[in-house]
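The values are calculated or read from the model by the stated rules, or taken from the named source; none is laboratory data. Computed from a predicted model, the values in this text were never measured in an experiment. As a convention, Cβ positions derive from the backbone with ideal geometry for all residues, glycine included, and neighbour counts pool all protein chains shown. The accessibility values were calculated without ligands, DNA or RNA, using every heavy atom of the protein model including side chains. Shrake-Rupley method; radii C 1.70, N 1.55, O 1.52, S 1.80 Å.
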Amino acid sequence: MKYHLITYGCQMNTADSEEMAQPLKKRGLMATASLKEADIVLMNTCTVRDQAEHRADSNIGRLRVWKDKDPNRILIIAGCAASRWGDSIQKKYPFIDLVSPATQIEQFPEAIEKVLKERWNWEAETTTSFESNTVWTKRRSEQTPFLFGSAETAYVTIMRGCNYTCSYCIVPQVRGREKYRPLPEILDEIRSKVVQGHKEIMLLGQTVNSYYHRDHKVYDFADLLRVVDAVPGVGRIRFMSPHPRHMRGPVIQAMAECAKVARHIHLPVQSGSDRLLSDMKRLYTRADYLDIIRQLRKAMPEILITTDIIVGYPGETEAEFLDTLSLMEDVRFDGLFAFKYSPRPGTTAADQLDNVPNEVKEQRLQQVLALNKRLVRDSALCSN
């Protein structure tokens, strides 16, 4: 018997897909890249942007053909879009066997056992939680920048959820509030990955640097970096995605003093306009962000810095867009991901008038990409 994974979205989703595959592997199922060979399809969805959700919805519809060819096949829809859709997606596509929201990933082993018993009459196994030595391996196309890891990078999720209420972001709705894994559990998983040959560890969380754990003492993200840095066999440490609010002195100092921490940070800024940053509820100003950049480069002159930028947020004026371009000039990022704003249901920004025409959003997106390309090129010429 074989299973096939379809994953949309971020590194967290890739890690979650591998985690949800563990009960299937434990049952003896083998992974396959071929949809035709699969007895089970597990689709892990994304809802951060409207386009990603629509892609998943369309693909579910196309899977009807796969399902009709063998009624014993099992289709599982999981992830962030599944959290938002709830029961409605199964009403729309009755051939779905299981909907597993991102907020219920810890209960997935029990849920899949129930489906296997009902559909295939398999006797249930005892499953209380995911194994701590789950291997989450990063898979990326050749076009993906090396800064975000290689094919051999192992994921370790250290926390899930988000306590922030950024006006455009649906993640807190679909992943819930922050929950932190115990430090000993994280270290056990890292050691197991080293034993299995992984040299690079990617620490993951929606706001990864908000990590907090209380044992006999309090551990924060800076402490975690130092502890992981001391694990024998770990060659490099990366982390995604930090929030500027938590990029404080102790974290920067730990990054600088830990030799295994990669000299790269992906620090989303979203906009260079103070008014828009306030409206987005990002909880920092342009000056705050620039000060963090100054501290990072003072502590680690060789550090590479990448970011996220949103264009066309509701009410974004031409002057405010130019603020973003000027911030790019000030920081001189080493790379970025840029997106056109799209309203997400249930967010406060969705209640605002989306009054920036799509053609203007597209023009601004192309300007951001072109400027980034020039800045990266100029930086490369200067370094040579």
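Computed values, structure above
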read-out	value
Scope the range 28-55; condition of a type in the set (D, E, K, R) and at pLDDT below 90; matching residues	49, 50
Matching helices (runs of 4 or more DSSP H) fully within the range 193-279 where at least 3 residues are under 16 Å from residue 156 (Cβ atoms)	221-229
Selection within the range 219-232 - open to solvent by 50 Å² or more (accessible area, probe 1.4 Å) and closer than 19 Å to residue 263 by Cβ	226, 230
Long-range neighbours under 7 Å by Cβ, at least six apart or interchain, first residue in contact (Cβ under 8 Å) with a residue 24 or more places away in the chain and on the phi > 0 side of the Ramachandran plot within the range 341-357, second of a type outside the set (D, E, K, R) and part of a helix (DSSP H, G or I)	346/173
Checking residue 209 against (1) in contact with a Pro (Cβ under 7 Å, 6 or more places away or on another chain); (2) surrounded by fewer than 22 Cβ atoms within 10 Å (Cβ to Cβ), the condition it does not meet	(2)
Filter result for the condition that a residue is closer than 24 Å to residue 50 by Cβ and at pLDDT 95 or above, over 297, 282, 286	282
Filtered residues of the range 267-307 (kept if surrounded by fewer than 22 Cβ atoms within 10 Å (Cβ to Cβ) and of a type in the set (Ser, Thr, Tyr))	278, 284, 285, 306
Residue match in the range 233-244 (condition: open to solvent by 30 Å² or more (accessible area, probe 1.4 Å), over 22 Å from the mean Cα position of the chain (by Cα) and in contact (Cβ under 8 Å) with a residue 24 or more places away in the chain)	yes
Every pair of residues 6+ apart whose Cβ atoms lie under 9 Å, when the first sits in the range 45-61 and is more than 16 Å from residue 97 (Cα to Cα) while the second is in a helix (DSSP H, G or I) and open to solvent by 60 Å² or more (accessible area, probe 1.4 Å)	46/55; 47/84; 47/173; 53/84
Enumeration of residues in the range 152-192 that are open to solvent by 10 Å² or more (accessible area, probe 1.4 Å), outside any strand (DSSP E or B) and of a type in the set (Ser, Thr, Tyr)	164, 165, 168, 192
Residue within the range 362-383 that is part of a helix (DSSP H, G or I) and touching a residue at least 60 places away in the same chain (Cβ under 8 Å) present	no
Every residue from the range 54-73 that is within 25 Å of residue 120 (Cβ to Cβ) and touching a helix residue (DSSP H, G or I) at 6+ places or on another chain (Cβ under 6 Å)	73
Segments classed as strands (runs of 3 or more DSSP E), wholly inside the range 1-94, with at least 1 members that are open to solvent by 10 Å² or more (accessible area, probe 1.4 Å) and in contact with a Cys (Cβ under 9 Å, 6 or more places away or on another chain)	2-7
Test for residue 356: is it of a type in the set (A, V, I, L, M, F, W, C) and either out of contact with any Leu (no Cβ under 8 Å at 6 or more places or on another chain) or more than 23 Å from residue 286 (Cα to Cα) (or both)	yes
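Residue-wise test of (1) acidic (Asp, Glu); (2) assigned to a loop (DSSP other than H, G, I, E, B); (3) crowded, with 19+ Cβ neighbours inside 10 Å.
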position: 324; (1), (2), (3): no, no, yes
position: 329; (1), (2), (3): yes, no, no
position: 333; (1), (2), (3): no, yes, yes
position: 345; (1), (2), (3): no, yes, no
position: 349; (1), (2), (3): no, no, yes
position: 354; (1), (2), (3): yes, yes, no
